[in-house]
Structure formats: structure tokens, C-alpha cells
Amino acid sequence: MTLAAGVGQWGRLTAETVQAARHVDVWLRLLIPQMARVGVDSVPIALFIALFTGIVLALQASYTFTGAIPLYFVGVLVGKTMMLELGPVLTGLALSGRVGANIAAEIGTMRVTEQIDALETLAYPPIAYLVVPRVLAGIIMVPVVTALAIGVGIVAGWITAIQLLDMSSADFVNGLTLFFLPFDVTFAMIKATSFGFIITSIGCFFGFNTQGGAEGVGHSTTRAVVVSSMAILVLDAFWALVLL
Amino acid sequence: MGIVIRDLHKSFGPKVVLDGFSVEARDGETLVILGGSGSGKSVTLKHVVGLLTPDSGEVEVDGQIVSTLAREELFELRRKVGYVFQFAALFDSMTLAENVAMGLRRKSDMDREAIAERVEECLRLVDLDGYGERTPSELSGGQRKRAGIARAIATKPQYLLYDEPTTGLDPVTRAMIDQLILRMSDELGVTGIVITHDMDSAFRVADRFAMLHNGRCRFEGTPDEIRACEDPVVRGFIEGRPELMEKES
């Protein structure tokens, strides 16, 4: 599949997903379980990454700034970096591995074992049943997980600053609030929402297009993770260009 | 109104699978389609429910041309059709009861209690009563196949399509499934198409036979007619004598 053909087919699936959203009776009861799988189940890995990112950010900022820039700028760097970049992107990359792979493998297995055909014969629109709740869950829950990750990253940076660096809590909070703009939160949430859409829709796309048996499922899963990770990085640059 | 397949053509890349296949399953009868592996039997069945679109030709089900139906009309038609998949195609994230209830939730106006009762009834029919809370991974191959049949018959469809319903099953289970197919036809007037390699089972359930060979209908007739058929391809297949078929090829 060429890049252009792949993007075209993914675009078509996206359009069909929007159309299929009218079958509310089909996807509504599946939304909460999918939100739990996409969001709640992803919280531990996202927070684990955020925790250590916050610690490292604080230590590296201190290492870079000492003797040149006032140390309260550690708060500025941790806050801005977690909010604008590392919170959304690292959470997105972690979820593309966890959620995107899971979706591609599950739907791919359903494809090769004729479960998707079975859905059709039982008069369930497969896109409404499989894609809509997953994509909606991604759009809703990835921003929530990202927000938690940003919070944990900042708190980790703050604790690191007051415990390991020669900083007071007031210094850190002063830095944190110095250049804070409410738009930073909006920016982070726009990115996270788009990442949620990308991760889940690409996972569904590769799952739906799985061919063959177990090997085909493996290929789809790998490609879903690779492509969604790349798409996250491209989108990250896109939002920076467009919104900053 | 039955199922009419007219001049069906289907290719996958350079491989021609169906090359003008025509056959009819008349109202209330069970048509058995015979044919070697890879001859296009399952492909034919998938055209009947619109899972595949023909390159040319048409399939008429209940008076409607399947390939011309809009998506919503196709779903309406599928409410009248039950499909038994070759490898059951059970939803592995659900219990057996949930699998059987899937079609009822979508295809009927039954409330929860009525659905639960119907699920129990269907599981009993295929000798799986008490298995409702198990998942497909906890079932044997034969049990999965029977569960697939329970799911297909749950909505009391007018048309039932069986893709190798008895392949790989023990003789007792095969006989039980044959009886079930006969019962669907005799008591409920269901029009059925059965794809099978199992000749014992085929002769038990068939009102008529069709044989698919090289993408076309090689034979169509009653069980007596197929027994008396002199065509070496048909004889070779039903008697399991490949030398007859090879000579003809």
C-alpha cells in the first residue's frame, strides 16, 4: 500500500466513522467500556512516564541553569515543557504502543476469524460497533490521561526541586506561574485530543485491513504503532506551527 | 421467494473463482452446494448476504437483488438471514449467551427476559444448555460450531446459510446438526443453503443438490438424480474417486 493510497483509505474510514456515528443504539453501550480500556487502563503507564520525566526535567534544568539563570526558572521549564510538549507527546507515544497496538490486534483478529463478517450478518454496522466507540473513547480519554500526566510530571519536578535542589517550594511555584498562560492548557488539550483520534483511528484502520492469519495480525499491530507514533510527531510539529 | 443466484462472476486478482454460477434455492427447501476446496462455495454464500459484491451477475434473496440494496436495506434483509460460519466466528470477548443474544438485540424487539429465554432455548436445541456463561475459548471445536448454529437460528430467520456445518465433528454431533437443519426446514419452513464436503450429511439434509465446478454449476438436481448422475466429475466427487475427476479434467 502506497502512502497516498493508505492516507486515502484512512480518510475514507474516517468519513465512514462520522457517518456511522448516527447508529447511537449500536455504539453507546460500548463507549464506557472502551473509555475504561483506552483511558483508565492507560493511567499507570502514562503516570509512570510522567513521574520520571518530571524528575529528570527538574534535575537537567538545574544542571543547565546553575550559575547562569535564577533557579526558579526550573519551575518555568518543568511547567512549560510538561504542558506544551512532553506531557502530550510522551503520553501519546505510550498510548500508541498500548492502545493502538491493542486495537489493531483485536480488530485484526476479528477480521481474520470472520467475526467482522459475523457482525455484518447479525445486522450490526461494523464501523459503528467497532470504530466509533474506540475513536470516541480516544478523543475523550487521551486528554484526560494527558492532563493527569502533566499534573504528575509537574508535581514530580516540584518535589525533586525542593528535595534535591537548593530551591524552596515558593521558588518553584513562582517559576511555574511566571510565564503560565491559560492557552498552554488549551494547547495541550488540543494536541492530546488529536493524538487520541490519531491513535485509535489508525489502530482501527490497520485492524480492519488485516489480511491472512496470525502473521497478518502481527504486521497490522506493528504498523499501527509505527504509523501512529510517526503521525503523533508530525501532528506535534503541525500544532506548534499553527498555534504557537 | 427463495434465493436465486444468476450468472455470478467473481475474481480475486487474476484468480477467477466464480465464472457464471447460477442456481436456485426454492422457498422452503434445503439446497446443498457441493464442490472441491477452493471451488468458490463460501464465496457464493458470502454474496447471498452481501459480504461480497459480484463482478457481474446477481443474487436475489426474498425478491430483492442484494448488490443493488443500500446499506440500510441490506441490514433489513440480513435480519431475515442466519449465517453459520465455517469456523463459527464467535465473538471471543463475549460469553456464549451474549453471542447468541447479539442477533436478538439487533434484529428483534424482545425485552431482556424474552431474549434470555430464547438464548436458553437455542442453546438447548444445540445441546449446549448450561454453557451460556462460558467464553468461546472454553469450548471444543464442535461446541463452538454448535454455538455458531445457535446464534444463527436465534432470530428465527427465514433463510439459513450453513458453511460446512458438520466438518470436523464427531458422528453423533453431525447427526444432531443434520436433524437441526431438517427441523429448521420441515417445521419452520426455512429456506437453507448448505455447503458441505460431508456426503453422508449432505444426503441426509438435501432436498436438492448443486455442484460447483470450475466456477460454474456442473450439476443441479434431486438426491435421486445425483445418485444416478453419470457425469464423471459429479460421480468422482460424491464417491471420493479423484481418478474419475482427473480423467475429465
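The values are calculated or read from the model by the stated rules, or taken from the named source; none is laboratory data. Source: prediction; values computed, not measured. A quick note on method: Cβ atoms are made from the backbone with ideal geometry, for glycine too, and the neighbour counts reach across all protein chains shown.
Residues of region B:44-60 include at least one that is among the hydroxyl-bearing types (Ser, Thr, Tyr) and within 17 Å of B:Ala25 (Cβ to Cβ).
Applying the criterion of being among the hydroxyl-bearing types (Ser, Thr, Tyr) and closer than 20 Å to B:Tyr159 by Cα to the residues of region B:173-214, the residue that is nearest to the chain's Cα centre (by Cα) is B:Thr196. Against the test of being within 14 Å of chain A (Cβ to nearest Cβ) and of a type outside the set (Gly, Ala, Ser), the options B:Val32, B:Val84, B:Val16 yield a single qualifying residue, B:Val84. Of all residues in region B:168-189, those that are under 24 Å from B:Gly38 (Cα atoms) and at pLDDT below 85 total 2. Of A:Pro44, A:Pro70, all but one fail to be more than 14 Å from every other protein chain (Cβ to nearest Cβ) and assigned to a helix (DSSP H, G or I); the exception is A:Pro44. Being exposed (fewer than 15 other Cβ atoms within 10 Å of the Cβ) and either in contact with a Cys (Cβ under 6 Å, 6 or more places away or on another chain) or part of a helix (DSSP H, G or I) (or both) holds for only one residue in A:Thr177, A:Thr160, and it is A:Thr177. Considering only residues in region B:1-27 that are among the small types (Gly, Ala, Ser) and in contact with a strand residue (DSSP E or B) (Cβ under 6 Å, 6 or more places away or on another chain), the one that is surrounded by the most Cβ atoms within 10 Å (Cβ to Cβ) turns out to be B:Ala25.
Tallying residues that are under 30 Å from A:Gly213 (Cβ atoms) and either away from chain A (no Cβ under 14 Å) or among the aliphatic types (A, V, I, L, M) (or both) within region B:89-121 yields 9. Applying the criterion of being under 13 Å from the mean Cα position of the chain (by Cα) and hydroxyl-bearing (Ser, Thr, Tyr) to the residues of region B:149-172, the residue that is surrounded by the fewest Cβ atoms within 10 Å (Cβ to Cβ) is B:Thr167. Scanning region B:45-81 for residues that are more than 14 Å from chain A (Cβ to nearest Cβ) and among the hydroxyl-bearing types (Ser, Thr, Tyr) yields B:Ser56, B:Ser67, B:Thr68.
Quick check, is B:Gly148 within 24 Å of B:Leu34 (Cα to Cα) and away from every other protein chain (no Cβ under 14 Å)? Judged against the criteria, B:Gly148 is not a match. Filtering region A:223-244 to residues that are touching a residue at least 24 places away in the same chain (Cβ under 8 Å) and either among the aliphatic types (A, V, I, L, M) or surrounded by fewer than 16 Cβ atoms within 10 Å (Cβ to Cβ) (or both) leaves A:Ala224, A:Val225, A:Val227, A:Ala231, A:Ile232, A:Leu233, A:Leu235, A:Leu243, A:Leu244. Considered as a group, the residues in region B:126-148 that are among the aliphatic types (A, V, I, L, M) and surrounded by 19 or more Cβ atoms within 10 Å (Cβ to Cβ) include one that is nearest to the chain's Cα centre (by Cα), and that residue is B:Ala147. Of all the listed residues (A:Val131, A:Val112), the sole one being of a type outside the set (Lys, Arg), touching a Cys at 6+ places or on another chain (Cβ under 6 Å) and either within 21 Å of A:Val227 (Cβ to Cβ) or within 14 Å of chain B (Cβ to nearest Cβ) (or both) is A:Val131. Any residue at all in region A:83-106 that is over 14 Å from the mean Cα position of the chain (by Cα) and among the polar types (S, T, N, Q)? Within region A:83-106 (the criterion being over 14 Å from the mean Cα position of the chain (by Cα) and among the polar types (S, T, N, Q)), the answer is no, since none of the residues qualifies.
Of the residues contained in region B:222-237, none is found to be in a loop (DSSP other than H, G, I, E, B), of a type in the set (A, V, I, L, M) and over 28 Å from B:Phe12 (Cβ atoms). For region A:85-104, indicate whether the set of residues that are in contact (Cβ under 8 Å) with a residue 60 or more places away in the chain, over 23 Å from B:Leu45 (Cβ atoms) and either within 14 Å of chain B (Cβ to nearest Cβ) or not in a helix (DSSP H, G or I) (or both) is non-empty. Looking through region A:85-104, at least one residue is in contact (Cβ under 8 Å) with a residue 60 or more places away in the chain, over 23 Å from B:Leu45 (Cβ atoms) and either within 14 Å of chain B (Cβ to nearest Cβ) or not in a helix (DSSP H, G or I) (or both).
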